[in-house]
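Reviewing the structure listed below.
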Amino acid sequence: MINAEGTAGALIRYFSLIAAVQHNYQCSAPYCAVLEVGPTQVDNDPMLSFSSSPSRIVLGVTGGIAAYKAAELVRRLRERHAEVQVVMTEGACQFVTPLTFQALSGRPVRTSLWDAAAEAAMGHIELARWAEHVLIAPASADILARLAGGRADDLLTTLCLATEAPVSVAPAMNHQMWAHAATQTNVDTLRARGVRVLGPASGDQACGEQGPGRMWEADDLAAALFSGVENGPLTGKKLVISAGPTREPLDPVRFISNRSSGKMGFAVAAAARDAGAEVTLIAGPVMLSTPRGIRRINVETAEQMYRAVHEAVVGAHVYIGAAAVADYQPAAYAPQKMKKTSEHLELHLQRAPDILASIAALERPPFTVGFAAETNDVERYARDKLTRKRLDLIAANEVGVDRAFDRDDNALLLLWSGGRRELALQSKDQLAREFIAVVAERYRLTRHPLAALVPQAS
Ligand code: PMT
């Protein structure tokens, strides 16, 4: 996609077009990909492998200013008809009183392993068996370390060792504590043992600093707990999805870009997650927050996106290129702002790497799905791209004024070798769900042809 932003009046001529873009194109520029730790994001979340609707939840509350948010979380969980047994550490009791949680949960709060009366009512082993899910929110750096170390020095850690229920943690701490190698190693250890790490979010912190370390909001945590997809059509599958535009810098203040908002690609990512997939979203510069449970990598240029996609598709089952990637990039970058020295300006552009074609050309490519943005002859051009780029599937949309780009609705024509399906104009969220259902079906039929002979599980 090409259009010029910030270069009004520029006469763009495609000089010196370097057309020979090889499939094994190597990008030289470093990309500034970051794993965004957003308010609705799971960093490297392992596949959701627990019951989708736990009705008996042990909520562990540890010491931290975010403990007050756990009170709201109890309400959100109870709204979903869960029984919530709160277990507080000694530190947590310094921030919020057990009485608050007792009032909200309707159950006496457990604070000690040595409370004879509470143990007589329900011993800690019974409590560990009673739980269908253990959620620790907020999870301090200390509890992460103690869990990783297999300690059993208070009720909460003992319970976590004794339970067979899945355990989730919602970290909350100062961003430097979160970034510390010790904490990250502990988190890796917990993940490797199947503990689900929800967050943290990035933003203002109680200490006055900024960065990743905020506990997810109660709504996001409750939604995450109740959205485990065990039998979705993409459960167990890793998907990489690109979304949004790319920006090709001309000088420090100008770039070439296009009108993509990223809405379509983000909706596809959320729909894939809801179908059970583990999703990595490679996002160009967009103003959208990360859908919950999705790993996001931010990039800016086509070259950065190329590298990020190639790194992410290793081991992936499906790649979906919904991004509006630049077809051409400036042949040279002016390190200082270009001056108005003449009536006309000639920009020399060269071909940007074709990410989609390069993925489809890998020795063992994932199931590769492209998008085609066309203003006319939609089906003809899209089918040409399907064949030329050796794709498994292509989703064509008619673009133009008030169509597809930066809108909340869209329509798609899906094409594959020997088949087609039209998806009517509707919200991008709903459209993405229908699209993902077809992707899952085509994936199943082409990668596991024998599956066509047996009825689908769900
Ligand atoms: O982001 P929105 O505002 O929600 O709008 C959605 C959308 C219109 C951007 C989306 O639905 C869409 O059509 N995305 C693909 C846009 C595009 O670049 O189409 P294309 O026909 O120019 O490219 C064909 C395919 O090649 C696309 O899958 C594209 O990601 C890929 N490509 C293109 C150029 C390039 N250098 N590398 C690529 O991988």
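The values are calculated or read from the model by the stated rules, or taken from the named source; none is laboratory data. These figures come from a predicted structure and were not determined experimentally. All Cβ positions, glycine included, derive from the backbone under ideal geometry; neighbour counts span all protein chains shown.
Structural remarks
- With respect to the stated conditions, Val187 fails to be buried (at least 17 other Cβ atoms within 10 Å of the Cβ) and either within 16 Å of the ligand (Cβ to nearest atom) or at positive phi (or both).
- The residues on offer are Ala372, Ala352, and the sole one that is free of Cβ contacts under 8 Å to residues at least 60 places away in the same chain, buried (at least 23 other Cβ atoms within 10 Å of the Cβ) and within 13 Å of the ligand (Cβ to nearest atom) is Ala372.
- Counted as qualifying within segment 311-354 are the strands (runs of 3 or more DSSP E) with 1 or more residues that are among the β-branched types (Val, Ile, Thr), namely 318-321.
- Segment 286-326, subset near the ligand (Cβ under 10 Å from one of its atoms) and surrounded by fewer than 22 Cβ atoms within 10 Å (Cβ to Cβ), residue farthest from Arg254 (Cα to Cα): Leu288
- Residues within segment 366-379 that are touching a strand residue (DSSP E or B) at 6+ places or on another chain (Cβ under 7 Å) and either farther than 21 Å from Pro245 by Cβ or part of a loop (DSSP other than H, G, I, E, B) (or both), tallied: 4
- Picking from residues in segment 386-444 that are in a loop (DSSP other than H, G, I, E, B) and over 21 Å from Ser260 (Cβ atoms), the one that is nearest to the chain's Cα centre (by Cα) is Asp392.
- Failed condition for Glu363, given (1) in a loop (DSSP other than H, G, I, E, B); (2) within 21 Å of Val314 (Cα to Cα); (3) within 12 Å of the ligand (Cβ to nearest atom): (3)
- Residue match in segment 133-150 (condition: more than 21 Å from Leu225 (Cα to Cα), at pLDDT 95 or above, in a loop (DSSP other than H, G, I, E, B) and among the small types (Gly, Ala, Ser)): yes
- The listed residues are Leu225, Leu234, and the only one of them that is under 30 Å from Arg407 (Cβ atoms), under 17 Å from the mean Cα position of the chain (by Cα) and surrounded by 14 or more Cβ atoms within 10 Å (Cβ to Cβ) turns out to be Leu234.
Condition check ((1) on the phi > 0 side of the Ramachandran plot; (2) crowded, with 18+ Cβ neighbours inside 10 Å) across all residues:
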{"site": "Pro200", "(1), (2)": "no, yes"}
{"site": "Gly244", "(1), (2)": "yes, yes"}
{"site": "Glu248", "(1), (2)": "no, yes"}
{"site": "Val253", "(1), (2)": "no, no"}
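- Out of Ala411, Ala404, Ala382, sole residue that is surrounded by fewer than 17 Cβ atoms within 10 Å (Cβ to Cβ), in contact (Cβ under 8 Å) with a residue 12 or more places away in the chain and within 12 Å of the ligand (Cβ to nearest atom): Ala411
- Applying the set (1) small (Gly, Ala, Ser); (2) touching a residue at least 60 places away in the same chain (Cβ under 8 Å); (3) under 29 Å from Leu225 (Cα atoms) to Gly265 leaves exactly one unmet item: (2).
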